[in-house]
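Engineer: Handing you a structure now.
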Amino acid sequence: MTAHKQTNLKPRMNDQQEEFFLDGHNPAGTHEPLDFALETQFAEQDHGEAPVQENLLFDREYSENPSNSPQIDLDGMSKPIHQVTVKQYETTQNLAFQHANNLLESLEAQDVAVQYQCREGYCGSCRVQLLEGEVHYIDEPMAWVNSDEVLPCCCIPKTAIRIKLP
Amino acid sequence: MSYTTFNQNSFDTLKQPMFFGETVNVARYDIQKHKIFENLIEKQLSFFWRPEEVDLANDRKDFNDLLDHEKHIFLSNLKYQTLLDSVQGRSPNVAFLPIVSLPELETWIETWSFSETIHSRSYTHIMRNVVPNPAEVFDDITRNDFITRRAVSVTKYYDELIEKCSFYTQLGEGTHTINGKIVDINLYDLKRTLYLTMVSVNVLEAIRFYVSFACSFAFAERAKMEGNAKIIKLIARDEALHLTGTQHILQIMAAGKDDPVMGEIAASCKEEVREIFLEAANQEKEWAGYLFKDGSMLGLNQTILAQYVEYITDQRIVALGLPPIFETKNNPLPWINSWLNSDNVQVAPQEAEISSYLVGALDSAVDTNDFGDFDL
Ligand code: FES
Ligand SMILES: [Fe+2]
Ligand SMILES: [Fe+2]
């Protein structure tokens, strides 16, 4: 299991959009994918304006067969990265989602401590508030989610997002 | 309304509320009003486990090495867990089945309650492996004042609902004289009692149980009683699902689409709901006082456990859409998450096999790996 440190939530840098951190602290500039299977293949797909809760399932084919991904053709280009702005108490952090399997893993890799139990969408422990943007659920979440909340353990950002931790 | 095991009326299931509509007839799942209950059933079935699969061979030695006040903490916590699961293993069935109106919800209640009986059986498995005389421990649950007081608070809503519903099914709505006592039975009040009972069940599983999990895992954090912790992890996995179940039921009720009267009741009961959460939190803190009366253990004491009580109470009440009570910020037990997560529970069937031969017969310090080559 990953070790989870309590986070020091001081903003790590000023609000420059180009300079946010990658999952797991990839050194700046290394935007090249290290492991294709870890990529999110859905970063730039348009899923329309459906509300978060009603757009639960997407086609698993892509995630299981990376070769089906339209992004395979984007040789040499950097992957789309979504900015993730995390608010907790009075602090704001600018992070990025790129390599992780889900938003929870991405946040943990960037030293943000999010509560969890099941890590598969049925307990609700990881609930965070989605202030802005959209997410996509990899698995249909079973836990109760209020209309302004998302479960990071089973979703990935679809756009740049702003979330508020409890 | 009187209860019948197979309602002869034909009616549109999709028009029935979750409770207090037509009693169920055909156990069919081809049309479902609330699909969530089918999902919960599927998930719960996939979780099936047997206590005997978990090897407790080293726990007896660990237990013997505990200091007296640590033994008190361990056993009292286990007694409390036994009490809670004794209640949960039957009460959802007895209280909710006579009034349920949707087959998928009926089956969820049965599946839910059945999983609690696995929890109860696992406590016997633990006791047999850890203490020389399990009967002493079990007997104390009905004799020890501190425990019986806990029993009253976890059963009073269930018991009230069961009593009122039995009058309702036999006598219907109205003012009845029962054994010289005047009892007023009306459906609105029954639904209100049901709503508050469901809240108290959520509190039982989502707060009280989690406080007890914290104690179990505090031992394992120090590499003690690790077999016990494995079992508690499996129990915690089930409870996470159960609390999701009651959260859904409560939120469906509050939304009022399933039953508009329930929506009204939920809106008018907010203060009482808060009271139920607050009362439970206070009782759990008081219980922490009893657990640690003779001393704390490394990593956990009365103050920290009380902070956890406040933290988890806030988490759970907020999930129901109500404001937090204590305004807590951080989880005071950050290490608990990885214990609550069950991904890393591994049960080795052949080891479990051997451990059942070992019960009471062999020194538990024997490394079970030594038996690796034996074919029993
Ligand atoms: S950790 Fe259980 S729902 Fe996300
Ligand atoms: Fe249980
Ligand atoms: Fe339960």
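The values are calculated or read from the model by the stated rules, or taken from the named source; none is laboratory data. For clarity, every value in this text was computed on a predicted model and none was experimentally measured. Positions of Cβ are backbone-derived with ideal geometry, glycine not excepted, and every protein chain shown enters the neighbour counts. For the accessible areas, the whole protein counts, side chains as well, though only heavy atoms, and no ligand, DNA or RNA atoms are used. Shrake-Rupley method; radii C 1.70, N 1.55, O 1.52, S 1.80 Å.
Engineer: Looking at the stretch A:128-143 only, could you name the residues that are in a loop (DSSP other than H, G, I, E, B) and either in contact with a Pro (Cβ under 7 Å, 6 or more places away or on another chain) or within 16 Å of ligand 3 (Cβ to nearest atom) (or both)?
Structural biologist: A:Gly133, A:Met142, A:Ala143
Engineer: Return a yes/no flag: does the stretch B:40-52 have any residue that is within 13 Å of another protein chain (Cβ to nearest Cβ) and without any contact (Cβ under 8 Å) to a residue 24 or more places away in the chain.
Structural biologist: Yes: the stretch B:40-52 contains one or more residues that are within 13 Å of another protein chain (Cβ to nearest Cβ) and without any contact (Cβ under 8 Å) to a residue 24 or more places away in the chain.
Engineer: Report yes if A:Val128 is of a type in the set (A, V, I, L, M, F, W, C), in contact (Cβ under 8 Å) with a residue 40 or more places away in the chain and more than 16 Å from ligand 2 (Cβ to nearest atom), otherwise no.
Structural biologist: Spelling it out, it is not the case that A:Val128 is of a type in the set (A, V, I, L, M, F, W, C), in contact (Cβ under 8 Å) with a residue 40 or more places away in the chain and more than 16 Å from ligand 2 (Cβ to nearest atom).
Engineer: Just wondering, is there one or more residues in the stretch B:218-225 that are within 14 Å of chain A (Cβ to nearest Cβ) and out of contact with any strand residue (DSSP E or B) (no Cβ under 9 Å at 6 or more places or on another chain)?
Structural biologist: Within the stretch B:218-225, one or more residues are within 14 Å of chain A (Cβ to nearest Cβ) and out of contact with any strand residue (DSSP E or B) (no Cβ under 9 Å at 6 or more places or on another chain).
Engineer: Looking at (1) away from ligand 3 (no atom under 16 Å from the Cβ); (2) at pLDDT 95 or above; (3) more than 14 Å from chain A (Cβ to nearest Cβ), can you tell me which one B:Val201 breaks?
Structural biologist: (1)
Engineer: Could you tell me whether any residue of the stretch B:251-264 is among the acidic types (Asp, Glu), within 16 Å of ligand 1 (Cβ to nearest atom) and out of contact with any Pro (no Cβ under 8 Å at 6 or more places or on another chain)?
Structural biologist: no
For every residue, the table says whether it meets (1) in a loop (DSSP other than H, G, I, E, B); (2) touching a Pro at 6+ places or on another chain (Cβ under 6 Å); (3) open to solvent by less than 20 Å² (accessible area, probe 1.4 Å).
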| residue | (1), (2), (3) |
| --- | --- |
| B:Gln307 | no, yes, no |
| B:Thr313 | no, no, yes |
| B:Arg316 | no, no, yes |
| B:Pro323 | yes, no, no |
| B:Asn331 | yes, no, yes |
| B:Pro334 | yes, no, no |
| B:Asp343 | yes, no, no |
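Engineer: Right, here's the next one. Determine, yes or no, whether B:Leu84 is within 14 Å of chain A (Cβ to nearest Cβ), within 16 Å of ligand 3 (Cβ to nearest atom) and either among the charged types (D, E, K, R) or not in a loop (DSSP other than H, G, I, E, B) (or both).
Structural biologist: no
Engineer: Let me ask something additional. Could you tell me whether B:Ser115 is modelled with pLDDT under 95, assigned to a helix (DSSP H, G or I) and within 21 Å of B:Asn202 (Cα to Cα)?
Structural biologist: Spelling it out, it is not the case that B:Ser115 is modelled with pLDDT under 95, assigned to a helix (DSSP H, G or I) and within 21 Å of B:Asn202 (Cα to Cα).
Engineer: Hey, another quick one. When you go through (1) farther than 27 Å from B:Leu161 by Cα; (2) without any contact (Cβ under 8 Å) to a residue 24 or more places away in the chain one by one for B:Arg60, which number turns out not to apply?
Structural biologist: Among (1) farther than 27 Å from B:Leu161 by Cα; (2) without any contact (Cβ under 8 Å) to a residue 24 or more places away in the chain, B:Arg60 violates only (2).
Engineer: Still on this model: Under the condition of being away from ligand 3 (no atom under 16 Å from the Cβ) and not aliphatic (A, V, I, L, M), which residue from the stretch B:207-223 is farthest from B:Asn58 (Cα to Cα)?
Structural biologist: Going through the qualifying residues, I end up with B:Cys215.
Engineer: OK, next. Return yes or no: is B:His34 touching a Gly at 6+ places or on another chain (Cβ under 6 Å) and open to solvent by less than 80 Å² (accessible area, probe 1.4 Å)?
Structural biologist: The answer is no for B:His34.
Engineer: How many residues are open to solvent by less than 10 Å² (accessible area, probe 1.4 Å) and small (Gly, Ala, Ser) when one looks only at the stretch B:168-209?
Structural biologist: Selection size over the stretch B:168-209: 1.
Engineer: Filter the stretch B:294-305 down to residues that are in a helix (DSSP H, G or I) and open to solvent by less than 70 Å² (accessible area, probe 1.4 Å) and give me whichever is farthest from B:Asn144 (Cα to Cα).
Structural biologist: Checking each candidate, the answer is B:Ile304.
Engineer: Here is a further query. Would you pick out the residues in the stretch B:106-119 that are surrounded by fewer than 18 Cβ atoms within 10 Å (Cβ to Cβ) and within 10 Å of ligand 2 (Cβ to nearest atom)?
Structural biologist: B:Thr117
Engineer: Moving to a separate point now. Could you tell me which of the residues B:Asn133, B:Asn129 is away from ligand 2 (no atom under 11 Å from the Cβ), away from chain A (no Cβ under 14 Å) and either surrounded by fewer than 16 Cβ atoms within 10 Å (Cβ to Cβ) or more than 21 Å from B:Phe74 (Cβ to Cβ) (or both)?
Structural biologist: Result: B:Asn133 is the single residue among B:Asn133, B:Asn129 that is away from ligand 2 (no atom under 11 Å from the Cβ), away from chain A (no Cβ under 14 Å) and either surrounded by fewer than 16 Cβ atoms within 10 Å (Cβ to Cβ) or more than 21 Å from B:Phe74 (Cβ to Cβ) (or both).
Engineer: On the basis of being under 23 Å from the mean Cα position of the chain (by Cα), under 23 Å from B:Arg149 (Cβ atoms) and open to solvent by less than 50 Å² (accessible area, probe 1.4 Å), does B:Leu291 make the cut?
Structural biologist: So B:Leu291 passes the test.
Engineer: Could you list, in sequence order, all residues of the stretch B:54-86 that are of a type in the set (Asp, Glu) and either surrounded by fewer than 20 Cβ atoms within 10 Å (Cβ to Cβ) or under 16 Å from the mean Cα position of the chain (by Cα) (or both)?
Structural biologist: B:Asp65, B:Asp68, B:Asp85
Engineer: Still on this model: With the requirement that a residue be facing another protein chain (nearest Cβ under 10 Å) and of a type in the set (Val, Ile, Thr), what does the stretch A:122-150 give you?
Structural biologist: Scanning the stretch A:122-150 gives a single hit, A:Val145.
A quick yes/no check of all residues on (1) hydrophobic (A, V, I, L, M, F, W, C); (2) assigned to a helix (DSSP H, G or I); (3) more than 16 Å from ligand 1 (Cβ to nearest atom):
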site	(1), (2), (3)
B:Ser153	no, yes, yes
B:Tyr158	no, yes, yes
B:Leu194	yes, yes, yes
B:Asn202	no, yes, yes
B:Arg208	no, yes, yes
B:Ala214	yes, yes, yes
B:Asn228	no, yes, yes
B:Ile232	yes, yes, yes
B:Asp238	no, yes, no
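Engineer: Right, here's the next one. Looking only at the stretch B:244-255, which residues are facing chain A (nearest Cβ under 9 Å) and farther than 18 Å from B:Leu45 by Cβ?
Structural biologist: If the condition is that a residue be facing chain A (nearest Cβ under 9 Å) and farther than 18 Å from B:Leu45 by Cβ, then B:Gln247, B:Leu250, B:Gln251 are the ones that fit.
Engineer: Which one is farthest from ligand 1 (Cβ to nearest atom), of the residues in the stretch A:101-139 that are more than 30 Å from B:Phe37 (Cβ to Cβ) and crowded, with 21+ Cβ neighbours inside 10 Å?
Structural biologist: Of everything passing the filter in the stretch A:101-139, A:Gln110 is farthest from ligand 1 (Cβ to nearest atom).
Engineer: Please name all residue pairs, on different chains or six or more residues apart, with Cβ atoms under 6 Å, provided the first residue is in the stretch B:312-339 and is within 7 Å of chain A (Cβ to nearest Cβ) and the second residue is among the aromatic types (Phe, Trp, Tyr) and open to solvent by less than 30 Å² (accessible area, probe 1.4 Å).
Structural biologist: The qualifying pairs are B:Asn331/B:Tyr311; B:Asn337/A:Tyr116.
Engineer: Would it be correct to say that B:Arg28 is modelled with pLDDT under 95 and either open to solvent by 60 Å² or more (accessible area, probe 1.4 Å) or within 14 Å of chain A (Cβ to nearest Cβ) (or both)?
Structural biologist: yes
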